[in-house]
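Undergrad: Please read through the structure below; I'll follow up with questions.
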Amino acid sequence: MRTPATAPSRSGVRSALGDAFVEASRHLRIIPRNIELLIFATIQPVMFVLLFSFVFGGEIEIPGFDNYDQYLMPGIFAQTVVFGSAFTSIGIAEDLSKGFIDRLRSLPIAQSSVLIGRTISDLLRNVITFVTMLVVALLLGFRFEGSLAAALGATALLLFFSYGLSWVQALIGLSVSSVEAANSAGFIWMFPMTFVSSAFIATDTLPGWLQGPADWNPFTQVTNAARALYNGNDPGNSIPISIAWSIGMIVVFAALSTRKFNQISD
């Protein structure tokens with residue numbers, strides 16, 4: 001099947017950002033018409049909170065934490081924004097299957113704005129889910145033991161990490177053949193990433209052969225950084241490591257995703 005010719009696109013950073021804002025706005029306007037998707041995306045992390053807090057919380061002891069919720073909630077926050085990045089792969093695969101990407105390529109817009117707009121809209125969707133999760137956590141007794149600035153920094157760090165993962169998901173969405181495949185491929189690797197980590201238990205309680213991968217896991221680094229900031233503890237070098245991982249994912253996977261995007265209609 002022959003794809004539509006790509007229209008001459010606008011150049012320049014300003015034009016690309018303007019087009020990306022328009023594209024992001026399109027995705028965000030869909031939310032009120034498909035509110036069930038946002039609701040179910042929020043229910044899942046709430047279930048994890050209730051499961052670990054009420055079912056396992058009484059049996060899990062973390063050195064240095066009298067209240068397991070203070071240890072658990074930053075891990076749940078991190079898991080929530082990581083899982084939220086999967087919207088990118090699913091959304092891109094859906095746009096491809098419906099031919100919407102081809103229609104966008106026929107418009108005189110900056111081609112990079114298609115992917116940038118998608119990742120930005122999914123970041124903002126993640127913010128909505130995060131705020132909901134924060135309200136639930138506060139109702140269950142979670143508190144900011146550190147300063148407000150530290151809490152805001154922890155939140156920004158988590159969302160920045162999720163934005164990096166959105167570019168990983170963008171490549172997945174551009175590489176699979178269907179929405180169903182994007183859903184499976186986008187989630188399957190996130191479960192070992194989030195559970196073989198310090199999100200729910202201390203990594204030194206894991207089997208010896210798993211402790212090394214868990215400690216080096218970028219998800220562990222960002223969770224440790226956020227947990228320390230929320231609880232007013234010293235994050236050590238976990239903050240620069242988390243930032244480095246996030247920037248690395250954005251740079252590498254944005255380049256790969258853009259290349260893949262350009263190859264689709266060539």
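Undergrad: Please work out which residue is nearest to V49 (Cα to Cα), limiting yourself to the range 122-144 and to residues that are over 19 Å from the mean Cα position of the chain (by Cα) and aromatic (F, W, Y).
TA: F142
Undergrad: May I ask you to verify whether R103 is at pLDDT 90 or above and either closer than 18 Å to T223 by Cβ or loosely packed, with under 15 Cβ neighbours inside 10 Å (or both)?
TA: Answer is no for this residue.
Undergrad: Let me ask something else about it. Based on this model, can you work out whether A110 counts as under 25 Å from F195 (Cα atoms), modelled with pLDDT under 90 and of a type outside the set (D, E)?
TA: So A110 does not fit the description; no.
Undergrad: Could I ask something else about it? Tally time: how many residues in the range 194-210 are crowded, with 17+ Cβ neighbours inside 10 Å and among the aliphatic types (A, V, I, L, M)?
TA: Looking only at that region, the number is 4.
Undergrad: Still on this model: All but one of (1) part of a loop (DSSP other than H, G, I, E, B); (2) surrounded by fewer than 20 Cβ atoms within 10 Å (Cβ to Cβ); (3) not hydroxyl-bearing (S, T, Y) hold for W245, so report the exception by its number.
TA: Every condition holds for W245 apart from (1).
Undergrad: Would a scan of the range 55-69 turn up a residue that is assigned to a helix (DSSP H, G or I) and at pLDDT 80 or above?
TA: yes
Undergrad: If you check every pair at least six apart or on different chains, which have Cβ atoms under 9 Å apart with a residue in the range 213-241 that is at positive phi first and a residue that is assigned to a helix (DSSP H, G or I) second?
TA: Partner pairs satisfying both residue conditions: G232/A150; G236/N224; G236/A225; G236/A228.
Undergrad: Out of (1) more than 14 Å from G75 (Cβ to Cβ); (2) more than 19 Å from the chain's Cα centre (by Cα); (3) not charged (D, E, K, R), what's the single condition that is false for T203?
TA: (1)
Undergrad: Could I ask something else about it? Looking at (1) buried (at least 17 other Cβ atoms within 10 Å of the Cβ); (2) within 21 Å of Q79 (Cα to Cα); (3) within 20 Å of the chain's Cα centre (by Cα); (4) among the hydrophobic types (A, V, I, L, M, F, W, C), which is the only condition I188 fails?
TA: It fails just one condition, (1).
Undergrad: Turning to a different aspect of this structure: For the range 97-209, list the helices (runs of 4 or more DSSP H) that sit wholly inside it and hold at least 2 residues that are touching a residue at least 24 places away in the same chain (Cβ under 8 Å) and among the basic types (K, R); which are they?
TA: Qualifying helices (runs of 4 or more DSSP H): 100-105, 112-139.
Undergrad: While we're on this one: Given A137, A149, which one is over 18 Å from I76 (Cβ atoms) and of a type in the set (A, V, I, L, M, F, W, C)?
TA: Residue meeting the stated conditions: A149.
Undergrad: For A214, work out the one condition from (1) assigned to a helix (DSSP H, G or I); (2) closer than 30 Å to S113 by Cα it doesn't fulfil.
TA: The failed condition is (2).
Undergrad: Checking T119 against (1) crowded, with 21+ Cβ neighbours inside 10 Å; (2) under 17 Å from the mean Cα position of the chain (by Cα); (3) more than 24 Å from G248 (Cβ to Cβ): exactly one of these is not met. Which one?
TA: (3)
The values are calculated or read from the model by the stated rules, or taken from the named source; none is laboratory data. This one's a predicted model, so the numbers in the text were calculated from it and none came from an experiment. For neighbour counting, all protein chains shown are included, and Cβ atoms are generated from backbone atoms with ideal geometry for every residue, glycine included.
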